[in-house]
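Visitor: Input: one structure, supplied below.
The values are calculated or read from the model by the stated rules, or taken from the named source; none is laboratory data. Being a predicted model, the structure only gives us computed values, none of them experimental. With ideal geometry, Cβ positions are generated from the backbone for all residues, glycine too; neighbour counts draw on all protein chains shown. To get the accessible areas, we keep the full protein, side chains included, count just its heavy atoms, and leave off ligands, DNA and RNA. Shrake-Rupley method; radii C 1.70, N 1.55, O 1.52, S 1.80 Å.
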Amino acid sequence: MTVVFYSTNASRFDGDAVRERAFPRRAAAWEAFCALHPQDRFIVATQLPASFLADREGNALAEDPLPVRTVLLRSDTPAALAQEIAALKPDLAIAATFWVPPFDWLPVQDAMVAEELRARGIDAVCHPAAVALDCYDKWRTHLMLRARGVPVAEALHFDWQQFWCERSHPAVTSNVYKAYLLRRLERMPYPVVIKDTTGLSSYGMEVATTYPQALHYLRSGRTRSDRIIETYLSGEQFGTEIYGRNGTYAVLDPFLFSVNRYGITSPKQSVKIGPVTGGQYDVPALKAMLTRLARDLRLEGVAQVDLAYSDGKWHVIEINPRLSGMSETYAASLGIPLYEMLFRAARAEPLDTRAQKLVCNLKMPLLDDAQLESLASNTSILYIHQIHNTAAKQEREKGYCEIVLGGTDGAESILRALDDLAARFPRLLEPAFVQVARDLARKLG
C-alpha cells in the first residue's frame, strides 16, 4: 500500500528567520516507523515549514534525507494541491496538519484537499471541512459544543463591527446591539476571559476581573476584531488528544497543565505532566463524553482538546483539529513514533496505551547548538524541540525550547529526573519552571 502523509500552508514562511531543531530528528522517527511496516510505501507531501513531518534547514528540507520519499507541494489552492498529491498515486492520504501564524485555519484547507482527493477516488483521512471551520472560530465552537450538550463556560460574542456600527451609519441614533451587549456583559459572573475568535492559541488573551475592566478593553484600540467573552472556569486545566475515524476512537488520558498568574495556560510557559488516569478526576466520564462528540462530528485523524475540570465536571474550552504541541509528548510517553499514531487512527485501529509512561513537558530558554547537543545526551530526556524566530522584535515571540523528560512509571521518578537535570544543567533550567513541574508531579504522586 502506498500512503501519503500530507500537510499544507497558507501563509508566507521565512525559513531563514525561523530556525527549528528536533531531537530525535524526524529522519530517525521515520526509520522507526517504516521498520514497523516494511510492506508499505510511505511518502511525505508537505509545504514549509513541514512541521512534524521533516527536518528543515532554512527554506529547504535538511540534507539528511528521510528514509521515505519527500515532495514539497508548490500549489496554493485545494484543487491544485490535491492534484499534486494524487499524482503520487496513493492508496491512502493522511492529513498531518500543523499551524502557523497568524490564523489557525490550516485544518480547513487540508480538509478541502481531502474532499478533492476523495472526488478522485482516493481514501483521504481528514476531518470534515465544516467541523474544521467550526473549530477555527471559537464562537462557532462554543455554539457547536453547547448544541451537543457538552459542558462549556458561559460565553458572550462581541461583534466589533456591530458594536461600532454608528461610525459608518450616521442615521443610527441609538446602537441597540451595543446596549444589549453591555447589558449582558454587566451581568456576567467575573472574572472573564476575552480572546480573539479566530486567533492562534492564547496570544492576545485578556483576563478581566470586573465589568469596567472588560468594558475598557473592548472599547480600547487593542480590540479591532470580534471577541468571545467567557466566564473563567475555576479548577484545573488539562489537554488531551483524540485519534481515530469511522466511529473508532482513542481518547488519550489527559495531561495536567500549569497556569500563569492570570489562571490560564500559556503556550510558551505551560508545564504539562501526565497521563492522568484517575484519582480525583473522572477520566472515564471524560473519555465517554469525547468519544460521543468524536462520533457525532465524524472526526478523522487527530484532534487536540483543551479542558477544564471545574466543580467536579469536565468542560471543553476549545478543539484544535490538527497535530498539536502535545502530539510529540504523547508519542514519547507511548514509546512509538507519532506517525504510528496517525497511521493507526487512519485505519481505525486501537491505540494500545498499556505501556504508556509518565512524562513531563516543560519549557526552557533558547539554547545554542552545543547546549542542545549536550541536553540531548541526557537519557532522561525523550524529546527536544526548539523554535527560534530571529526576526521577532518582542522577547515573548522569539521562541522557546521544549523538552519531554521521564518515560517513567511514577511521580517520584519524574522528581528525580528533574533534580538530576537541574544539577547537570543549572544554567539552562529556570528555577520557576522546575518548581512548577515538581508541584505538578507531587499532585499526581
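Visitor: If we keep just the residues of the stretch 382-432 that are β-branched (Val, Ile, Thr) and assigned to a strand (DSSP E or B), which is farthest from the chain's Cα centre (by Cα)?
Guide: So the residue we want is Thr408.
Visitor: Do we find that Leu299 is in contact with a His (Cβ under 6 Å, 6 or more places away or on another chain), part of a loop (DSSP other than H, G, I, E, B) and surrounded by 22 or more Cβ atoms within 10 Å (Cβ to Cβ) in this structure?
Guide: In short, yes.
Visitor: Continuing with this model, one more query. Restricting attention to the stretch 4-14, does a residue exist that is touching a Leu at 6+ places or on another chain (Cβ under 9 Å), farther than 30 Å from Tyr400 by Cα, in contact (Cβ under 8 Å) with a residue 12 or more places away in the chain and assigned to a strand (DSSP E or B)?
Guide: Checking the stretch 4-14: at least one residue is touching a Leu at 6+ places or on another chain (Cβ under 9 Å), farther than 30 Å from Tyr400 by Cα, in contact (Cβ under 8 Å) with a residue 12 or more places away in the chain and assigned to a strand (DSSP E or B).
Visitor: OK, next. Applying the selection to the stretch 142-198, what residues are within 24 Å of the chain's Cα centre (by Cα) and acidic (Asp, Glu)?
Guide: Hits for the stretch 142-198 are Glu154, Asp196.
Visitor: Then there is this: With respect to Glu230, determine if the residue is in contact with a His (Cβ under 9 Å, 6 or more places away or on another chain), closer than 30 Å to Cys360 by Cβ and outside any loop (DSSP other than H, G, I, E, B).
Guide: yes
Visitor: Consider Ala250 against the criteria (1) open to solvent by less than 10 Å² (accessible area, probe 1.4 Å); (2) aliphatic (A, V, I, L, M); (3) touching a helix residue (DSSP H, G or I) at 6+ places or on another chain (Cβ under 8 Å): it satisfies all of them except one. Which criterion is unmet?
Guide: With (1) open to solvent by less than 10 Å² (accessible area, probe 1.4 Å); (2) aliphatic (A, V, I, L, M); (3) touching a helix residue (DSSP H, G or I) at 6+ places or on another chain (Cβ under 8 Å) applied to Ala250, the lone miss is (1).
Visitor: Moving on to the next point. Name the single residue, out of those in the stretch 129-169 being of a type in the set (Lys, Arg) and assigned to a helix (DSSP H, G or I), that is most open to solvent (accessible area, probe 1.4 Å).
Guide: Filtering the stretch 129-169 for residues that are of a type in the set (Lys, Arg) and assigned to a helix (DSSP H, G or I), the one most open to solvent (accessible area, probe 1.4 Å) comes out as Arg167.
Visitor: Suppose we keep only residues that are out of contact with any Ser or Thr (no Cβ under 9 Å at 6 or more places or on another chain) and of a type in the set (Gly, Ala, Ser) within the stretch 346-368. Which one would you say is farthest from Ile242 (Cα to Cα)?
Guide: If we take residues in the stretch 346-368 being out of contact with any Ser or Thr (no Cβ under 9 Å at 6 or more places or on another chain) and of a type in the set (Gly, Ala, Ser), then Ala355 is farthest from Ile242 (Cα to Cα).
Visitor: Pick out the one residue from Arg344, Arg438 that is charged (D, E, K, R), in contact with a strand residue (DSSP E or B) (Cβ under 9 Å, 6 or more places away or on another chain), open to solvent by 10 Å² or more (accessible area, probe 1.4 Å) and part of a helix (DSSP H, G or I).
Guide: Sole residue among the options that is charged (D, E, K, R), in contact with a strand residue (DSSP E or B) (Cβ under 9 Å, 6 or more places away or on another chain), open to solvent by 10 Å² or more (accessible area, probe 1.4 Å) and part of a helix (DSSP H, G or I): Arg344.
Visitor: Taking the conditions exactly as written (under 23 Å from the mean Cα position of the chain (by Cα), in a helix (DSSP H, G or I) and surrounded by fewer than 17 Cβ atoms within 10 Å (Cβ to Cβ)), does Ala111 satisfy them or not?
Guide: The answer is no for Ala111.
Visitor: Of all residues in the stretch 170-199, which are without any contact (Cβ under 8 Å) to a residue 40 or more places away in the chain, part of a loop (DSSP other than H, G, I, E, B) and among the β-branched types (Val, Ile, Thr)?
Guide: Residues satisfying the conditions are Val172, Thr173.
Visitor: Does the stretch 71-85 contain any residue that is assigned to a strand (DSSP E or B) and either open to solvent by 20 Å² or more (accessible area, probe 1.4 Å) or farther than 28 Å from Lys398 by Cα (or both)?
Guide: Yes, the conditions are met somewhere in the stretch 71-85.
Visitor: Now for a different question. Tell me which residues, restricted to the stretch 114-125, are buried (at least 24 other Cβ atoms within 10 Å of the Cβ) and in a helix (DSSP H, G or I).
Guide: Of everything in the stretch 114-125, those that are buried (at least 24 other Cβ atoms within 10 Å of the Cβ) and in a helix (DSSP H, G or I) turn out to be Ala114, Leu117.
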